[in-house]
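Report on one structure; see the data block that follows.
Just so it is clear, none of the values below were taken in a lab; they were calculated from the coordinates. For clarity, every value in this text was computed on a predicted model and none was experimentally measured. Don't worry about glycine lacking a Cβ; one is built from the backbone with ideal geometry, like all the others, and counts go over all protein chains shown.
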């Protein structure tokens, strides 16, 4: 009993001690300018730290939204590039670059996300999350930030099927950037991310490391889109053309975000070419 | 018992007045972190009768601190420090307990326990008191070197005042 009352008195004196200290500190913070300032700046620094951490975590939740927004912005910027527009007036293009009335928008870019893909065998397709509802049509080109991806071959209401570059039937008009000589890109189904450039005559000078870009003759892709670099080239006996291996700039197997290209002048071009 | 209460009330009034009206004026020093405060009023906490119930000790310490704060215009700072010093006092008393124990009903004095004991006891408590005071005064341990320097410089002058006062009023009770 005695030890219990001892314990109780120790505890109650501790409580009294705490009470008096809290009381003193309240008086200190209320009554002293310096301590008040220190207390509130410290607590602000602390709550600021907490708020910053919370914001960092919350950023992850808005990341998907942010990616969508950035893709839209990217598509807008792509549309402002020279190869997406048609120069109507043969003036100095540098001086009039920003003047919209001199240009006709030729290509339109729509952001999309890859929802399914398979890289197995020699007929590789992927599925994107945009379809008829988003004005995707068959035979529209698909690119990523740093290279070609493929061509739309089938369109559903919400999704579209894309034949990738790594497909037996792919044939895309391309050229060597330094001398403008053009051929076509095919894939023979051996190495992923390596395609072949065909129909370059052997009198043309090529080097390993030369950049391959789109030619712009196909009406699907704008001109000067980067494709890849020459990895290796050779001429087979009795053949008049090079066999060029091109290392793609983008890794198709790890892609996530793409842009679908809409050629706004396609109908006009088609009509024109049909009449010939 | 009644005499002890009157005695302590007189000590309380005299120490608060001497601290608040006289010693406060010595607070300025040579400048920088080396300025010193003369702290005499903690003597009241040191020589408070050991046998008093804890809650009375703490409340009296709180009022002592508040009275000093009244003169120093620093509400709460001395009160928080005094309550803390009073709360840890039993620990210091336990640490320096003489073989024959304490006479719990009277104030600890030189004549009872000797100069060595009273120096160790008051020295330790005064150090604690000063360190806590300057910590609360700065209100952040960012200036820890400043706090330690102030504690050291104030300790030298304050312990002299405390021991001097104890010698002068070394009454045989």
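May I ask you to give the average projected area over all directions of the convex hull of the Cα atoms of segment B:24-173, in nm² rounded to one decimal?
Working: hull surface 36.0 nm².
Averaged projected area of segment B:24-173's Cα convex hull equals 9.0 nm².
If I stretch the segment between residue A:69 and residue A:49 completely, what's the gain in nm (0.36 nm per residue apart, minus their alpha carbon distance), one decimal? Each step should come with its number before you reach the end.
Values: separation 20, 0.36 × 20 = 7.20 nm, distance 2.81 nm.
The span from residue A:69 to residue A:49 would gain 4.4 nm if fully extended.
Could I have the simple spin-label model distance between residue A:240 and residue A:15, label points 7 Å from Cα toward Cβ, reported in nm to one decimal?
Those two pseudo-labels are separated by 10.5 nm.
When Rg is the radius of gyration of the Cα atoms in segment A:117-266 and Rh is its Kirkwood radius, what does Rg/Rh come to?
With Rh from the inverse mean 1/r over Cα pairs, Rg/Rh is 0.98.
Sort A:195-208, A:155-168 for me by packing, meaning the mean count of neighbouring Cβ atoms within 10 Å per residue, highest on top. List each step's numbers first, then the result.
Working: A:195-208: 15.9, A:155-168: 19.5.
For the peptides A:195-208, A:155-168, the packing ranking is A:155-168, A:195-208.
What order do you get for A:231-242, B:149-160, B:75-86, A:57-68 when each peptide is scored by the mean count of other beta carbon atoms within 10 Å, highest first?
Taking the mean over residues of other Cβ atoms within 10 Å, the ranking is B:75-86, B:149-160, A:231-242, A:57-68.
Taking the number of other C-beta atoms within 10 Å as the exposure measure, put A:187, B:117 in order starting with the fewest. Provide the component values of the computation, followed by the final result.
On the way: A:187 24, B:117 15.
The most exposed by this proxy come first: B:117, A:187.
Counting helices only, and only those DSSP H runs with n ≥ 4, report the 222 nm mean residue ellipticity of the protein assembly as shown as the sum of -39,500 (n - 2.57) divided by its residues, in deg cm²/dmol to the nearest 500. Please list the in-between numbers first.
Numbers: 11 runs with 198 residues, N = 449.
It lands at -15000 deg cm²/dmol.
Mind listing P(r) for segment A:42-82? All alpha-carbon pairs, 10 Å bins, whole percents.
26, 26, 23, 17, 7, 1
Once you place label points 7 Å from the Cα toward the Cβ at residue A:137 and residue A:86, how far apart are they in nm?
1.4
Return one number: the angle in degrees, 0 to 90 and rounded to the nearest 10, between the long axis of the Cα atoms of helix B:77-95 and the longest principal axis of the Cα atoms of chain B.
50
Relative to the compact globular guide of 2.2 N^0.38 Å, what is the alpha carbon radius of gyration of segment A:2-61, as a ratio? Mind dumping the intermediate values first?
On the way: Rg = 19.5 Å, N = 60, 2.2 N^0.38 = 10.4 Å.
The value comes to 1.87.
Note the full-extension length gain between residue B:71 and residue B:152 as 0.36 nm times their separation in residues minus their Cα-Cα distance, in nm to one decimal.
Numbers: separation 81, 0.36 × 81 = 29.16 nm, distance 2.35 nm.
Computed gain between residue B:71 and residue B:152 is 26.8 nm.
Compute for segment B:50-101: radius of gyration divided by Kirkwood radius, i.e. Rg/Rh, restricted to C-alpha atoms, rounded to two decimals.
Numbers: Rg = 13.0 Å, Rh = 11.8 Å.
Rounded to two decimals, Rg over Rh is 1.11.
Per 0.36 nm of contour for each residue apart, how much would the distance between residue B:3 and residue B:143 grow if the chain were fully extended, relative to their Cα-Cα spacing?
Details: separation 140, 0.36 × 140 = 50.40 nm, distance 4.50 nm.
Value of the extension gain: 45.9 nm.
Could you pull the Cα extents of chain A along its three principal axes, largest to smallest, in whole Å?
112, 49, 42
Which whole number gives the average, over all residues in A:28-35, of C-beta atoms from other chains lying within 10 Å of the residue C-beta?
Details: counts 11, 3, 2, 6, 9, 0, 5, 9.
Per residue, the number of nearby Cβ atoms from other chains is 6 on average.
Angle, helix B:54-72 long axis vs. longest principal axis of chain B, Cα atoms, 0 to 90°, nearest 10?
Result, in degrees: 40.
To the nearest whole number, what is the average tally of beta carbon atoms from other chains within 10 Å of the beta carbons of peptide B:70-78?
Numbers: counts 0, 0, 0, 2, 6, 9, 12, 8, 2.
Taking the mean over all residues of the peptide, I get 4.
Show me the ranking of peptides A:211-217, A:80-86, A:106-112, B:93-99 by mean Cβ neighbours inside 10 Å, starting with the highest. Walk me through the numbers before you get to the answer.
Details: A:211-217: 20.0, A:80-86: 15.9, A:106-112: 21.6, B:93-99: 10.9.
Per-residue mean Cβ counts within 10 Å order the peptides as A:106-112, A:211-217, A:80-86, B:93-99.
Quick one: angle between helix A:266-275 and the longest Cα principal axis of chain A, in degrees between 0 and 90, rounded to 10, please.
Relative to chain A, helix A:266-275 is tipped by roughly 10 degrees.
So, in nm, how far is label residue A:265 from label residue A:153 when the simple model puts each one 7 Å beyond its Cα toward the Cβ?
For the pair residue A:265/residue A:153, the computed spacing is 3.0 nm.
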